[in-house]
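Down below is the structure, laid out as structure tokens.
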Amino acid sequence: MAEKEGKPRQKRQFVRFGAYRVDPAWRRLPQEERDASRKEFLAALEESRASLMIRTYSCLGTRGDCDFLLWMISDRLEAFQELQASLLKSSLGKYLALPHSYLAMTRRSVYVDKHVHEGQEGVRLAVKPGEAKYLFVYPFVKTRDWYRLTRSARQGMMDEHITVGHRYPTVKLNTSYSFGLDDQEFVVAFESDVPADFLDLVMELRETEASRYTARDTPILTGVAVPAAEMLELLG
């Protein structure tokens, strides 16, 4: 679809979350083979940092269907394909499955114009991950009835939603958009050092009017931020 006449093109980013699972057979390999495969995998990750930003998280103990999570951000969609191909060609890649993968892009939110303040989520076209210890990611789909509401009705409900979010300053929200790119409509990623605050935030958001129009917001991925080398060492 062409840009509207006279409207400058906004530079956006592509965002991808990939949750990987390691075949248990890899853990039964001799130690030297596992060490070598970890080094090869780590080298592939480091080489890809020239074209994309990568944040690494361990999901051991938080999910039963994946072992680690990669948060990837790039100006080029092809960068994700290049990284994935490189990882799969590695020795460790032969033992990997990808239970969850979310693809999205950044854009300005249509609901935050009245709430702009420094650093506010929704007014940025670039994702800037923080240094929080924990990451909570899930796909998000609204019901079709949501889009049949008037703009003012939706804005009123989102004002309530935003007000609740401001009561939890320890939780940073990163929203990206998947319309036409992936199965979900949004991918939401929350960063926090205080999991209890995130839990309380989600509970309170369930009581808002906008929650009535949520069609799906699972599966939820909980990751613990670790350096890439430590993430691979934790695998076994």
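The values are calculated or read from the model by the stated rules, or taken from the named source; none is laboratory data. These numbers come from a predicted model, not from an experiment. Here the Cβ positions follow ideal geometry from the backbone for every residue, glycine too, while neighbour counts run over all protein chains shown.
Considering only segment 12-24, I want to know if a residue exists there that is farther than 23 Å from THR222 by Cα and surrounded by fewer than 18 Cβ atoms within 10 Å (Cβ to Cβ). Checked against the condition, which is being farther than 23 Å from THR222 by Cα and surrounded by fewer than 18 Cβ atoms within 10 Å (Cβ to Cβ), segment 12-24 yields at least one hit. Once segment 111-120 is narrowed to residues that are part of a loop (DSSP other than H, G, I, E, B) and buried (at least 16 other Cβ atoms within 10 Å of the Cβ), the residue that is modelled with the lowest pLDDT is VAL112.
Screening segment 150-163 for residues that are of a type in the set (A, V, I, L, M) and surrounded by 15 or more Cβ atoms within 10 Å (Cβ to Cβ) and picking the one that is farthest from ILE73 (Cα to Cα) gives MET157. Within segment 176-199, the residues that satisfy the criterion of being of a type in the set (Gly, Ala, Ser) and surrounded by fewer than 16 Cβ atoms within 10 Å (Cβ to Cβ) are GLY180, ALA196.
The residue that is surrounded by the most Cβ atoms within 10 Å (Cβ to Cβ), counting only those in segment 39-61 that are under 23 Å from LEU221 (Cα atoms) and small (Gly, Ala, Ser), is SER58. If you go through segment 143-182 and keep only what is of a type in the set (Phe, Trp, Tyr) and in contact with a helix residue (DSSP H, G or I) (Cβ under 8 Å, 6 or more places away or on another chain), you end up with TRP146, TYR168. Taking the listed residues TYR147, TYR138, the one that is at pLDDT 90 or above and more than 17 Å from the chain's Cα centre (by Cα) is TYR147, with no other qualifying.
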